[in-house]
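Please treat every number below as a calculation from the coordinates, not as lab data. Everything numeric in this text was worked out from a predicted model, so none of it was measured. So basically every Cβ, Gly included, is an ideal-geometry build from the backbone, and we count neighbours across all protein chains shown.
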Amino acid sequence: MRIRPVAGGTRDYEQETDTYRFLAGLRGDLANSWSWDAFASYGKNEGENVIANAYSKSKLQEILNGTAGIEPVFAGGMSPEVIDYMRYADREDNEYELENYGVSLTGDIDAVQFQGGALGFAAGVEYRKESGEFNPSVETQSGDTFGNQQEATEGDYSVTEVFAEFNLPILAGAKYAEELSADLAVRYSDFDTFGGETTGKVGLVYAPIEDLRFRASASTSFRAPGIYELFSGTAQSYEYLIDPCDTSESNEEGQGANCGMVGPGFTQSGSQVPTNIGGNPNLDAEEAESYTFGIVWTPAFVEDLSITLDYFDIQVENAITSPDLQRMLDDCYRDGIETACAAITRGAGGQVTNLEGAKMNIGEISTRGVDLDIINNLHFNAGQLALRLQASRLLEYDEYNEQTDQTWDKLGYVGTSSEMYVKWRGLAGVTWFADSWSLGLDVRHLSDGETSYREVPSHTYLDLHAGWDVSDALRLTAGVDNLADREPTDGSGSGDWNSTLDYKGRYAWAGVSYQF
């Protein structure tokens, strides 16, 4: 039996978060052009979520068993007494900590000279440790809640990194070469979770004249799996899946060949299948190759104008994602793969009661795009007017899944959680600076796209912001985001929307910063 007590009201979420960050640093000069820098920082984030109008399964069972002292009235809907007996406030807390230490050395190696100057050099060592935990309520962890069951999460990892960077000023102020320089960088990162990895970058800048610069780079990089990808406890969900053993018309491919244990005439009872997905401590890091090419134009005939156009091409291997649950069912009952069958549990009547999986390195990502950035500062006696236009055009976003051997063209796709691959993104801003204060307006735009269920229209937001420098050290800021109170579009027809869209509505904020 499945039930959702809507008579008790909506699930209301209240979140309280405390954030702390401490940073200390020292820097000094050495002989000639050499200098050193050292820092230490510590940050902590603590949060508590309270979900009103949660309901207990055990309390419902007590009512049905007659041990609650309440008449089990359900005709025409649950009675207020039944609702109140089952209802409770669900509480969950989370914590995240970051420790970071580093020391670096920079300077020029005068023994190596180019026409444009001495060889620039930088090197350093950095240590970082991240830890986090998430503790759902006892009801949620035990499965007593009407919502989805979820286990607690706790884990940490640390990384030690060493790096070296070189700047080669090959030419400067030469004919047809106002600047020609190259940058070389190498970094070694040693994680206690999956070992060491070396990455590098090569960059080139060429300016035939002072107004025009061309730049290009090729680099390798990686993304280490995060705490929740590594250590997340399993979380229950109900996914829309087709049981390959179903003999009804909804299973268009027909019953799988490996369904003998289910028996003939089996019919899937509902379209949603219980699943449990968690973290995987054996994940490898995502590895990427990136290529960029750009142009920077600062025309001398227009004061304080900069126009930048960049093209990027990124290839990611070992992409971290959740397993394809439909593929797991098909692998077991159509192809007879035993490892897939081991993740499936069936209960009374042959229905799937649990499908279990974990985060996996199973994919590749290919993406290309173009970024445009235009900045123009207009100077007046009374102040300065800063104009900015940013636009990004996504040209390609393909995901290849090794598990299914299929490539998904996601260009224009909008997911119902955080995926957002619309073709165009833009930001236009205007800010007035006068003496110690500023006032500005930004316009954010996301072009239209589509989900698996429907089309999603474009979204445009207006953001107002202001600032006041009370002193050289103290600054006050305030603003209103989504000034027009634009609501997000339901992406699925079931009340789901993408988190990139502004779901909070009109939002006022204020901040204080003080520099010691």
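Sort TYR311, TYR503 by Cβ crowding within 10 Å, fewest neighbours at the top.
Ordered from fewest to most neighbouring Cβ atoms within 10 Å, TYR311, TYR503 come out as TYR503, TYR311.
In debye, nearest 20, what is the charge dipole magnitude of the chain about its Cα centre with +1 on Lys and Arg Cβ and -1 on Asp and Glu Cβ, if you could check?
In debye, rounded to 20, the chain gives about 780.
Rg to Rh for the chain: what is it, with Cα atoms only and Rh by Kirkwood?
1.02
Find how many whole Å separate the alpha carbon centroid of region 361-388 from the alpha carbon centroid of region 73-127.
24
List, in order, the whole-Hz ³J(HN,Hα) value for each residue of region 344-350 obtained from phi through the Karplus relation with A = 6.51, B = -1.76, C = 1.60 and θ = phi - 60°; use x for Gly and Pro.
10, 10, 10, x, 4, x, x
What list do you get for SER513, SER366, SER232, SER131 if you sort them by fewest beta carbons within 10 Å?
Details: SER513 10, SER366 14, SER232 23, SER131 17.
Least crowded to most crowded, the residues run SER513, SER366, SER131, SER232.
For region 449-482 and region 240-308, what is the separation of their Cα centres, given in Å?
For region 449-482 versus region 240-308, the Cα centre distance is 30 Å.
Give me the count of lysine pairs in the chain whose alpha carbons sit under 30 angstrom apart, restricted to pairs 8 or more positions apart or on different chains.
Lysine pairs satisfying the spacing and distance rule in the chain number 16.
If r is the Cβ-Cβ distance from LEU105 to THR292 and R0 is 41 Å, what FRET efficiency results, to the nearest 0.05?
Details: r = 28 Å, r/R0 = 0.68.
Result of the calculation: an efficiency of 0.90.
With charges only on Cβ, +1 for K and R and -1 for D and E, what is the dipole size of region 234-411 about its Cα centre, in debye, rounded to 20? Walk me through the numbers on the way to the answer.
Values: 8 positive and 30 negative charges, 122 e Å.
Charge dipole of region 234-411: 580 debye, to the nearest 20.
Figure the gain on full extension for GLN61 and ASP190 (residue separation times 0.36 nm, minus the Cα-Cα span) and round it to one decimal in nm.
Here the answer is 41.2 nm.
Would you work out which of THR67, PRO169, SER458 lies farthest towards the positive end of the dipole of the chain? Charges go on Cβ: Lys and Arg +1, Asp and Glu -1.
SER458
How would you rank MET86, MET360, going from fewest to most other Cβ atoms within 10 Å of each one's own Cβ?
In order of increasing Cβ crowding within 10 Å: MET360, MET86.
Starting at the first residue of region 16-33, write each ³J(HN,Hα) from the Karplus equation 6.51 cos²θ - 1.76 cosθ + 1.60 with θ = phi - 60°, in whole Hz, x for Gly and Pro.
The phi angles translate into 10, 10, 10, 10, 10, 8, 10, 9, 9, x, 9, 9, x, 9, 10, 5, 6, 9 Hz.
Stretch ASP435-THR407 to full length: gain in nm at 0.36 nm per residue minus the Cα-Cα span?
Here the answer is 4.6 nm.
Taking amide H positions as placed in the peptide plane 1.01 Å from N, state which residues far from ASP485 in sequence (5 or more) or on other chains have amide H under 5 Å from it.
Amide H neighbours of ASP485, under 5 Å, 5+ apart: ARG506.
When 1/r is averaged over all different Cα pairs and the result inverted, which Kirkwood radius in Å belongs to region 234-411? Walk me through the numbers before you get to the answer.
On the way: mean 1/r = 0.0490 Å⁻¹.
The answer is 20.4 Å.
Ordered by residue, what ³J(HN,Hα) values in Hz, to whole numbers, does region 99-112 give under the Karplus form 6.51 cos²θ - 1.76 cosθ + 1.60, where θ = phi - 60° and Gly and Pro are x?
For region 99-112, the Karplus curve yields 10, 8, 9, x, 9, 9, 9, 9, x, 10, 8, 5, 5, 10 Hz.
Given the DSSP H assignment, sum -39500 (n - 2.57) over each helix run of at least 4 residues in the chain and divide by its residue total; what's the result at 222 nm in deg cm²/dmol, nearest 500?
Computed mean residue ellipticity for the chain: -2000 deg cm²/dmol.
Sort 244-253, 146-155, 320-329, 14-23 by packing, meaning the average of other beta carbons within 10 Å per residue, with the highest value first.
Details: 244-253: 14.9, 146-155: 17.7, 320-329: 19.3, 14-23: 10.0.
The densest-packed peptide leads the list: 320-329, 146-155, 244-253, 14-23.
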